[in-house]
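Presented below is the structure to which this report refers.
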Amino acid sequence: MDAPQREHHQSRVGVIDMIAHDAKTDEAVLVMNEPEPWDDSDERLIELQERFNAYVSFLLDGEFAEWDPKLAQKRARIEVRCAHMPGARAIELLGQIRDQLGHQEIDVQVVVKENL
């Protein structure tokens, strides 16, 4: 099984794994790949929080609009694609993040896919 290809956009977008347009929902989708197993350590949860912060600042601070003005006008969804089921603490954190971002009209979805 080959390693998945990471899409590289301009360097300032380097923290975003992939950006796509979901034609079905007409949403901008920012994909966050989490291929590592979840150990529920503080360090891992802080890293997850920091990744979300980077995605959200990209969406809200004008970088996305600069990168793709049309797509940036659409409702946004952050899709966390995990190779392993998140642990209890990660699920709790993801729920909190989802609630927070809901106020900013950013949807959060977690997709567990083996062989990410």
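Each reported figure results from applying straightforward, stated rules to the coordinates on display, with no laboratory input. The structure displayed is predicted, hence computed values, not measured ones. Counting neighbours? That spans all protein chains shown, and the Cβs are built from the backbone with ideal geometry, glycine included.
So here's what we get for this one:
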read-out	value
Unit Cα scatterers, Debye sum, region 12-112: log10 I(q)/I(0) for q = 0.15 Å⁻¹	-0.58
Residue order, fewest to most surrounding Cβ atoms within 10 angstrom, among 18, 32, 85	85, 18, 32
Antiparallel content of DSSP bridges confined to the chain, in %, to 5	25
Environment charge at residue 85 (Cβ cut-off 12 Å; Lys +1, Arg +1, Asp -1, Glu -1)	-2
Rounded to 10°, Cα long-axis angle of helix 42-60 versus longest principal axis of the chain	10
Separation in nanometres of the label points that stand 7 Å from Cα toward Cβ, at residue 63 and residue 96	2.3
Selection from 69, 56, 83 lying farthest towards where the dipole of the chain points positive, charges on Cβ	69
Selected from 88, 72, 28 as most flexible by GNM, with the chain as the system and alpha-carbon contacts under 10 Å	88
